[in-house]
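*Asks:* Provided herewith is a single structure, encoded as structure tokens, for subsequent inquiry.
The values are calculated or read from the model by the stated rules, or taken from the named source; none is laboratory data. Model, not experiment: these values are computed from the prediction. Don't worry about glycine lacking a Cβ; one is built from the backbone with ideal geometry, like all the others, and counts go over all protein chains shown.
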Amino acid sequence: MPASISDIRLLLKVKKLPRCAEARRVFITGGTGYLGSSLIPVLLERGHHVRGLVRPTSKRNLPGGCEVVSGDALDARTYQNLIRPSDTFIHLVGVSNPSPAKAADFRAIDLVSAREAIHAAAELRVPHFIYLSVAHPAPVMKAYTAVRAECEDLIRQRGLNATVLRPWYVLGPGHRWPYALLPVYKVAEVLPFTRQGAMRLGLVTLEQMVMALVQAVESPVQGLKVVDVPAIRAAQDSLAREVTRQTA
Ligand SMILES: NC(=O)c1ccc[n+]([C@@H]2O[C@H](COP(=O)([O-])OP(=O)(O)OC[C@H]3O[C@@H](n4cnc5c(N)ncnc54)[C@H](OP(=O)(O)O)[C@@H]3O)[C@@H](O)[C@H]2O)c1
């Protein structure tokens, strides 16, 4: 079931897209959060099978239609045998409401959960790993971005076929305060010495983010692909082009 009006609007848009030629089997962690709960109904709508790993206390928070399994995202031994036969592993676990005060939590939760997921995916040779990282480098939130960069290095070291998405802030229901910054972004995007940073650390909408994740699921890569803010913003168009190409 979609969670909000914006989710319903997104689902209606998605219904108009041509179906993806190949249904994927997706294993997802962090599916109960802000991004995961909007993403899962869209993946289901597009014909993919979704198995969500949750901690026992969050079982009821996964969107309907998704297969629910429980385990501890901080210890892959508790869920490794639940990953197969998935061909796609999406890792979304992270500390909620990140702030500089949560530096220790980033290492205890974001880093540990990603490390466990990466090792498990590598051991089981999962064909495609999708990691929700964060835009970097950035002048703020150093502890947060450092952990994400560390996780991306680990993905490289383990040789995973992976798509790494790097949003900075995702605007949507309950996540609107940065709209106030849009005029600042507009100015920074046109000035030559701030343009690159403003693009890298730009704001994206929940719809753009979900579409970028769907595109990642439907276009598995060989090697490592980084999807930055401009590519996240363009995802909807490129998804439609890719689906048309696959179904032609
Ligand atoms: N939203 C943004 O603007 C944004 C921007 C850049 C990067 N990101 C990254 O994208 C990912 C998803 O973001 P989001 O906004 O959807 O996050 P969110 O709403 O805070 O959801 C976080 C998810 O992580 C799970 N989680 C947290 N701590 C856990 C723990 N100790 N053990 C097991 N699961 C745990 C939560 O499960 P429970 O439901 O059980 O608590 C939830 O499913 C995060 O890694 C975030 O850092 C988000």
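*Asks:* If the requirement is being within 8 Å of the ligand (Cβ to nearest atom), of a type in the set (Ser, Thr, Tyr), at negative phi and outside any helix (DSSP H, G or I), which of these qualifies: Ser96, Ser86, Ser113, Ser58?
*Replies:* Of the residues listed, the single one that is within 8 Å of the ligand (Cβ to nearest atom), of a type in the set (Ser, Thr, Tyr), at negative phi and outside any helix (DSSP H, G or I) is Ser96.
*Asks:* Is it the case, given these coordinates, that Pro100 is more than 17 Å from the chain's Cα centre (by Cα) and closer than 30 Å to Lys15 by Cα?
*Replies:* Considered against the rule, which asks whether it is more than 17 Å from the chain's Cα centre (by Cα) and closer than 30 Å to Lys15 by Cα, Pro100 comes out as no.
*Asks:* Something else: Residues that are closer than 23 Å to Phe106 by Cα: list the strands (runs of 3 or more DSSP E) wholly contained in the range 145-248 that include at least 3 such residues.
*Replies:* 162-165, 169-171
*Asks:* Turning to a different aspect of this structure: Count, please, the residues in the range 61-73 that happen to be touching a Pro at 6+ places or on another chain (Cβ under 7 Å) and not in a loop (DSSP other than H, G, I, E, B).
*Replies:* Residues in the range 61-73 being touching a Pro at 6+ places or on another chain (Cβ under 7 Å) and not in a loop (DSSP other than H, G, I, E, B): 1 in total.
*Asks:* Continuing with the same structure: Among the residues of the range 14-43, what is the count of those that are more than 14 Å from Ile83 (Cβ to Cβ), more than 8 Å from the ligand (Cβ to nearest atom), surrounded by fewer than 19 Cβ atoms within 10 Å (Cβ to Cβ) and modelled with pLDDT of 95 or more?
*Replies:* Of the residues in that region, 1 qualify.
*Asks:* Can you run down the residue pairs with Cβ atoms below 6 Å, 6 or more apart or on separate chains, where the first is in the range 82-106 and closer than 19 Å to Val214 by Cα and the partner is of a type in the set (Gly, Ala, Ser) and away from the ligand (no atom under 13 Å from the Cβ)?
*Replies:* That search, which allows pairs on different chains as well, returns Phe89/Ala121.
*Asks:* Does the range 141-149 include one or more residues that are under 23 Å from Leu201 (Cβ atoms), away from the ligand (no atom under 11 Å from the Cβ), out of contact with any strand residue (DSSP E or B) (no Cβ under 9 Å at 6 or more places or on another chain) and among the basic types (Lys, Arg)? Please lay out each step first, then the result.
*Replies:* To start, the set of residues in the range 141-149 that are under 23 Å from Leu201 (Cβ atoms) comprises 141-149.
This time we only want the ones that are away from the ligand (no atom under 11 Å from the Cβ), so: 142-143, 146, 149.
After this cut, where a residue has to be out of contact with any strand residue (DSSP E or B) (no Cβ under 9 Å at 6 or more places or on another chain) as well, the list is 142-143, 146, 149.
Okay, now just the ones that are also among the basic types (Lys, Arg), so 142.
Checking the range 141-149: at least one residue is under 23 Å from Leu201 (Cβ atoms), away from the ligand (no atom under 11 Å from the Cβ), out of contact with any strand residue (DSSP E or B) (no Cβ under 9 Å at 6 or more places or on another chain) and among the basic types (Lys, Arg).
*Asks:* Here is a further query. Right, Thr163: at pLDDT 95 or above, within 13 Å of the ligand (Cβ to nearest atom) and surrounded by 16 or more Cβ atoms within 10 Å (Cβ to Cβ) or not?
*Replies:* no
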